[in-house]
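**Q** Quick one: this structure, given as structure tokens, is what I'll be asking you about.
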Amino acid sequence: MTRPEPLLRRIAAFAAVPLTAAAALALWPEAGEAQSAPDQRGEQHSALFPVCKGPVRVTCVVDGDTFWLRGTKIRIADIDTPEVSQPRCPQERALGQRATERMRQLLNAGRFGLAVPADGRTRDRYGRELRIVTRGGQSLGAVLVREGLAARWGGTRKAWCGA
């Protein structure tokens with residue numbers, strides 16, 4: 001009998017045992033690793049981002065404006081997206097799911113940078129790190145705004161359910 005490939009052993013380990021975030025990284029470290037050296041634009045982060053599922057969250061996308069990177073929860077500071085966990089209407093849920101998937105695609109598309117917002121705030125009232133996510137000098141949040149999946153953050157949440 002042949003031995004399972006390393007990838008298959010990792011998958012089997014995930015399925016069989018409830019994991020802490022640290023244990024998950026020990027079994028599958030490349031899923032949450034950042035690139036060690038920034039490129040010429042300072043874009044040093046790169047990882048594979050699934051949509052978050054379950055209680056263990058290391059590197060995944062929560063919704064269109066929140067994600068986890070290597071165990072740190074990050075709120076994208078320049079946008080507001082529709083809610084997926086507690087939407088106020090079916091329209092908000094559907095748009096929130098589209099925004100979540102689009103942010104996941106953007107994060108998975110390559111290296112990106114994380115910048116402190118111009119106002120200097122580093123954490124929100126929930127303890128999440130506030131960052132502007134950039135690639136090629138462009139805000140990934142601004143991409144969602146242009147595509148109609150987000151609104152520029154102005155201090156209050158947008159009403160996504162219409163009048």
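The values are calculated or read from the model by the stated rules, or taken from the named source; none is laboratory data. Just so it is clear, the structure is predicted and the values come from calculations on it, not from any experiment. Every residue, glycine as well, gets a Cβ built from its backbone with ideal geometry; the counts of neighbours run over all protein chains shown.
**Q** Every residue in the range 77-103 that is buried (at least 19 other Cβ atoms within 10 Å of the Cβ) and more than 20 Å from GLY162 (Cβ to Cβ), please.
**A** Correct list: ALA77, ASP78, THR100, ARG102, MET103.
**Q** A further question on this structure: Working only within the range 124-142, note down all residues that are surrounded by 10 or more Cβ atoms within 10 Å (Cβ to Cβ) and out of contact with any Leu (no Cβ under 6 Å at 6 or more places or on another chain).
**A** Filtering the range 124-142 down to residues surrounded by 10 or more Cβ atoms within 10 Å (Cβ to Cβ) leaves 124, 128-136, 138-142.
Passing the criteria: ARG128, GLU129, LEU130, ILE132, THR134, ARG135, GLY136, GLN138, SER139, GLY141, ALA142.
**Q** Would you check which residues across the range 74-103 are polar (S, T, N, Q), assigned to a loop (DSSP other than H, G, I, E, B) and under 14 Å from the mean Cα position of the chain (by Cα) and list them? First the steps, then the outcome.
**A** Residues of the range 74-103 polar (S, T, N, Q): 81, 85-86, 91, 97, 100.
Going one step further and asking which of them are assigned to a loop (DSSP other than H, G, I, E, B), we end up with 81, 85-86.
Within the range 74-103, just THR81 meets the criteria.
**Q** Can you say whether ALA118 is under 28 Å from CYS161 (Cα atoms), of a type in the set (Gly, Ala, Ser) and assigned by TED's automatic domain parsing to the domain that holds SER46, as far as the supplied structure shows? Break it down into steps so the answer makes sense when it comes.
**A** On the way: under 28 Å from CYS161 (Cα atoms): no; of a type in the set (Gly, Ala, Ser): yes; assigned by TED's automatic domain parsing to the domain that holds SER46: yes.
No, not satisfied.
**Q** To continue, here is another question. Give the residue, chosen from LEU106, LEU114, that is part of a strand (DSSP E or B) and surrounded by 15 or more Cβ atoms within 10 Å (Cβ to Cβ).
**A** Working: LEU106 fails: part of a strand (DSSP E or B).
Sole residue among the options that is part of a strand (DSSP E or B) and surrounded by 15 or more Cβ atoms within 10 Å (Cβ to Cβ): LEU114.
**Q** Within the range 107-163, restricting attention to residues that are within 16 Å of THR66 (Cα to Cα) and of a type in the set (Phe, Trp, Tyr), which residue is modelled with the lowest pLDDT?
**A** Restricting to residues being within 16 Å of THR66 (Cα to Cα) and of a type in the set (Phe, Trp, Tyr), the top hit is TRP153.
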